[in-house]
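First up is the structure itself, then whatever we jot down about it.
What follows is calculated from the coordinates using simple rules that are stated; it is not laboratory data. It should be emphasised that the depicted structure is a prediction, and the values quoted were computed from it without experimental measurement. Positions of Cβ are backbone-derived with ideal geometry, glycine not excepted, and every protein chain shown enters the neighbour counts.
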Amino acid sequence: MESLFEAAKSGIMATAGKEEILPEVKSQPLHKARETVGNPFVDNPRMTCREVSVYYGDKKAINNVSIDIARNEVIAMIGPSGCGKSTFLRCLNRMNDTVEGCRVVGDIRLDGMDIHDKSVDVVPLRARVGMVFQKPNPFPKSIFDNVAYGPKIHGLAQNRSELDEIVEGSLKKAGLWEEVQDRLNQPGTGLSGGQQQRLCIARAIAVSPEVILMDEPCSALDPIATAKIEELIAELREHYSIVIVTHSMQQAARVSQRTAYFHLGDLIEVGKTARIFTNPRHQLTEDYITGRFG
């Protein structure tokens, strides 16, 4: 049976013809220290995170993570269950504010703006940094109203004609328009699982975000729906920065340009996806992608 390492590697090779992927470094010895190896920083980032730690009560769940989110790029966050990748993802639009007993320290900036500054309102922040959850969660409204909800509350449309344009454009970007254009007044909850997830993506992009966070967006979907979401992610990268948490290393290899590996709250390694899966520099990273634990 093909190992996870080989499967992920195959995913990279399958996409290599579409976009040239160059390794960051030649073969290097694996490091055993629990420190971030590789380069977590980029030029002209969309978001910057410096020394970010997360506490649940007295328990430290994220330990001094520093990383940049690049523009027009997909970065995949991988690691075993409970490693902190989803907790860190929720830091990026302050979703952890809703968790009782959760405390976030460190510096997180969006286009240079400190997202924890007292003057920052989380409602417009979460419009700029949208979220797509693991399980599709359409509102109990029509397909049209699901997508129109954000533009309405943020005042992005001056009239019905503008709202219609936003809804149609968002559904087209989400690859859903052709399937639902004749039933916009029907409940969004009546769509299939994959269609519901694309509806949630359309809802997120309707408010013109800069960053889209995806927390295992395909884990509840069948392979055909998953393939459609992955194709959509590749298209959306042209307009947005995308951060995806995934347990599927094959998916990370297919959709991302950079990969970050988390382990027990530490950011262990960051680098170009091709290198992470073919030439990891940290022993913990290699152990995970070769299936020694996970």
Would you mind counting up the charge near L191? Only other residues with Cβ under 11 Å from its Cβ, with Lys and Arg at +1 and Asp and Glu at -1. +1
So which residue, out of D215, D43, D97, gets the largest mean-square fluctuation from a GNM of the chain using Cα contacts under 10 Å as springs? D43
If you place +1 on the Cβ of every Lys and Arg and -1 on the Cβ of every Asp and Glu, how big does the dipole about the Cα centre of the chain come out, in debye to the nearest 20? 440 debye
What number, rounded to the nearest 500 deg cm²/dmol, is the helix-based mean residue ellipticity at 222 nm of the chain, given -39500 (n - 2.57) per DSSP H run of at least four residues and division by all its residues? -10000 deg cm²/dmol
Out of G79, G193, G101, a Gaussian network model of the chain with alpha-carbon springs under 10 Å gives the largest mean-square fluctuation to G101
Part-to-part distance (alpha-carbon centres) for the range 170-239 and the range 76-133, which is given in Å: 22 Å
Using only Cα atoms, find the angle between the long axis of helix 160-173 and the longest principal axis of the chain, and express it within 0 to 90 degrees, rounded to the nearest 10. 30 degrees
Just rank T285, T87, T290, T259, fewest to most, by other beta-carbon atoms within 10 angstrom. T290, T87, T285, T259
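So what is the relative contact order of the range 234-281, in percent, for Cα pairs below 8 Å that sit 6 or more residues apart?
Once divided by the residue count of the range 234-281, the mean separation gives 26 percent.
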For R50, what charge total do you get from the other residues with a beta carbon under 12 Å from its beta carbon, if Lys and Arg give +1 and Asp and Glu give -1? -3
Hey, what did the range 126-267 get for relative contact order, percent, Cα under 8 Å, at least 6 apart? 32 percent
Report the residue, chosen from N44, N64, N96, that carries the largest GNM mean-square fluctuation when the chain is represented by alpha-carbon nodes joined by springs under 10 Å. N44
Please give the helix 143-153 orientation as an angle from the longest Cα principal axis of the chain, in degrees from 0 to 90, rounded to the nearest 10. 80 degrees
Where does each of Y261, Y56 land when they are ranked from fewest to most other beta-carbon atoms within 10 angstrom? Y56, Y261
Give me the percent relative contact order of the chain, please, defined on Cα pairs under 8 angstrom at least 6 residues apart. 32 percent
Using the alpha-carbon atoms, what tilt in degrees (0 to 90, nearest 10) does helix 193-205 show relative to the longest principal axis of the chain? 80 degrees
Could you work out the local net charge near R109, counting Lys and Arg as +1, Asp and Glu as -1, over the other residues with Cβ closer than 13 Å to its Cβ? -3
How would you rank R254, R128, going from fewest to most other Cβ atoms within 10 Å of each one's own Cβ? R128, R254
